Structures are given as structure tokens and as C-alpha cells.
1. Could you run through region 101-129 and say how many residues are farther than 19 Å from Lys87 by Cα, outside any strand (DSSP E or B) and under 27 Å from the mean Cα position of the chain (by Cα)?
2. Can you name every residue in region 132-149 that is within 21 Å of Leu62 (Cα to Cα) and either without any contact (Cβ under 8 Å) to a residue 40 or more places away in the chain or not β-branched (Val, Ile, Thr) (or both)?
3. Mind checking which residues of region 70-100 are assigned to a loop (DSSP other than H, G, I, E, B), buried (at least 17 other Cβ atoms within 10 Å of the Cβ) and free of Cβ contacts under 8 Å to residues at least 60 places away in the same chain?
4. For region 104-153, name all the residues that are on the phi > 0 side of the Ramachandran plot and out of contact with any strand residue (DSSP E or B) (no Cβ under 9 Å at 6 or more places or on another chain).
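Taken together, the values in this text are just the output of simple stated rules run on the coordinates, not laboratory data. Since this is a predicted model, take the numbers as computed values, not measurements. No Cβ is skipped: glycine too gets one built from the backbone with ideal geometry, and neighbour counts run over all protein chains shown.
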Amino acid sequence: MQRIFSTTARTCVTGVLALAGLGVVGASVRSFAKGTGTAPAPVHAPAPLKAPMQPAIAPVKLGPPEVGRASWYGDEFEGKTTANGEKFDPDSLTCAHRTLPLGSLIRVTNLRNKKTVTVRVNDRGPMLEDRILDLSHAAARKIGLLGLGKVKIQRIKPADKESERALMYETKNKPVDVSAVDNFEPFPFLQHR
């Protein structure tokens, strides 16, 4: 292999590159000293994520209890229009009731395990005469209603508009933990007549 540059030429090129590098560094230092350069932004730790603020819920008044059998309806009705005009979402905390005004908030208690959930009436039903309520899939899971069960329902009368808004927020955005519910029956209204 033949050398392209001699030892002397390499030394000269290395010296020129070193001087050029020093010149760039010197120019940067001078510009920072004069205040014309931009300093690197200080590194800060990211701010911790905050959960969305929920309004405080004031005490609510409960209407007279109604006890009866309830079931749930889910995926087969997803996206269909409910009685109040919204699309049915089995993952929201809603229900169907025959007579309560649409938009009413009710507290549903599973009498077998005493778990409760707050739901919003957005549809009419149930179609079967022996039931007082059809819950959304998510609401049924929240109280452990495996198909058909005995429940107590009470209409919630919020003390003020802030409480009503907070309860509405809860019925739309509450995550549902389904890990504790096993053997969920997909079509309870067909299996329990």
C-alpha cells in the first residue's frame, strides 16, 4: 500500500484542523460571553401527571326504594340509538327503566353482595315483565350481577347542580374493574325466563 500523504503533510493537515477546531470553539465562547449565543436549555424533571379534578359531591337525597329483578344488556346493542337519542355504549354506567325520566340518576344495589353503582337512565325497558331494570354491561359487572339478580334501586336527587355534574361525570368516566367477576353470562335474558 502506498501512502497518499507524507509524514510532514499529515502533521500540517492535523495542525490546520486543530487550529480550525480551536477557532470554532473560541468563536462560540466569545458569542456566549457577549450574550449573543443561545445557552442550552436547563434540564428539568417532568411535572407529575395529575388526575382530572372531579367536583366534590355533596350529600344527596335518595327517593323511595324499589326492589325487583334486574338483568343487563350489552354488546349486541352497542351503537344502537337509545330512547334519549345517544348511542348505546355497554362500557358506560347507564340503564333502561320503564317510567323514570330519561337522564335520572339512580343508585342500584345488588342485594346478594351489597355492592352499589350509580347509573343514568338513558333508555326504556326492560322488555320482560318480571324485571324492573336493565343495566349496561359495565354497570352489571361493577355490582357483580351475573345474569339475573335481585336489586334495590333508588332515585338520586342531588342537592345542587355541582353534585349533579359530579355524579354525571362518574356515570360516564368511571373505570370498571372486571377482574373479580367470573362466569359472566352473555345473554341472561335468554337463559332466565
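1. Number of matching residues: 3.
2. We begin by selecting, within region 132-149, every residue within 21 Å of Leu62 (Cα to Cα); these are 132-135, 139-140, 142-143.
Hits for region 132-149 are Leu133, Asp134, Leu135, Ala139, Ala140, Lys142, Ile143.
3. Thr82, Phe88, Asp89, Pro90, His97, Leu100 - these are the residues of region 70-100 that are assigned to a loop (DSSP other than H, G, I, E, B), buried (at least 17 other Cβ atoms within 10 Å of the Cβ) and free of Cβ contacts under 8 Å to residues at least 60 places away in the same chain.
4. Hit for region 104-153 is Lys114, nothing else.
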